[in-house]
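Engineer: Mind having a look at this structure? Questions to follow.
Here, each number is a calculation from the coordinates, and none is a lab measurement. The structure displayed is predicted, hence computed values, not measured ones.
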Amino acid sequence: MYNGLLHMHSGLRWVVLVLLIAAIFNAFSKKKGGAWTAKDKKITLFAMVFTHIQLLAGLALYFISEKVQFVEGFMKNPVYRFYAVEHILLMLIAIALITVGYSKAKRAASDAKKFGAVATFYLIGLILILASIPWPFRNLGAGWF
Ligand code: HEM
């Protein structure tokens, strides 16, 4: 169960990153005068849904992972601090921003404002996600896949 979830969570990062980059690129390229079509809605929705799936897998891992430890002095241990506090906090903010961007785009009065909401909120979310992924070179005990 733990191994399956960990592999899913680790691999899904790439799906999340590709979908977010596609949605952001699409929004920036159509911001000035593009029409909001069903295709734009789909790509924006898919990117958000996959970040939510990643959130659910992450939440489950949070309760079973040995890397989340609230032992005495855990804030002084870089690995424990990262997973118990930094990773979850920044990811929650990122996913909340992406969700806000999606609902703002849904309610916006003009197509330009829809693309603008996706471009801004998804981009900030992506930056936060990139900054809080435990990339192998950060020595946090995680791999590339
Ligand atoms: C888009 C959001 C997220 C991305 C891209 C992401 C990505 C990752 C990656 C790449 C790993 C390393 C996996 C490995 O060892 O190979 C990881 C580990 C972990 N993530 Fe996330 N994560 C996200 C959100 C979350 C959230 C919201 C939580 C908690 C609620 C969470 C909890 C964890 C935990 C506990 C681990 C450590 C698992 C272990 O090695 O035992 N993640 N995450």
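Engineer: So between MET1 and TRP144, what do we pick up on full extension, going 0.36 nm a residue minus the alpha carbon distance?
Structural biologist: On the way: separation 143, 0.36 × 143 = 51.48 nm, distance 2.01 nm.
Between MET1 and TRP144, full extension yields an extra 49.5 nm.
Engineer: If you don't mind, there's one more thing I want to ask. Relative to the longest principal axis of the C-alpha atoms of the chain, give the angle of the C-alpha long axis of helix 111-132, reported between 0 and 90° and rounded to the nearest 10°.
Structural biologist: The helix 111-132 is inclined about 20 degrees to the chain.
Engineer: What is the Cα coordinate range of segment 2-138 on the first, second and third principal axes, sorted by size from largest, in whole angstrom?
Structural biologist: The Cα atoms of segment 2-138 stretch 55, 27, 27 Å along their principal axes.
Engineer: Give me the number: length gained by fully extending ALA22 to ARG81, i.e. 0.36 nm times residue separation minus the C-alpha to C-alpha distance, one decimal in nm. It would help to have the intermediate numbers written out before the result.
Structural biologist: Values: separation 59, 0.36 × 59 = 21.24 nm, distance 3.18 nm.
So the extension gain works out to 18.1 nm.
Engineer: Something else now. Checking the cross-link filter: which aspartates and glutamates have an alpha carbon closer than 20 Å to that of LYS31, excluding same-chain neighbours under 8 positions apart?
Structural biologist: Partners found: ASP40, ASP111.
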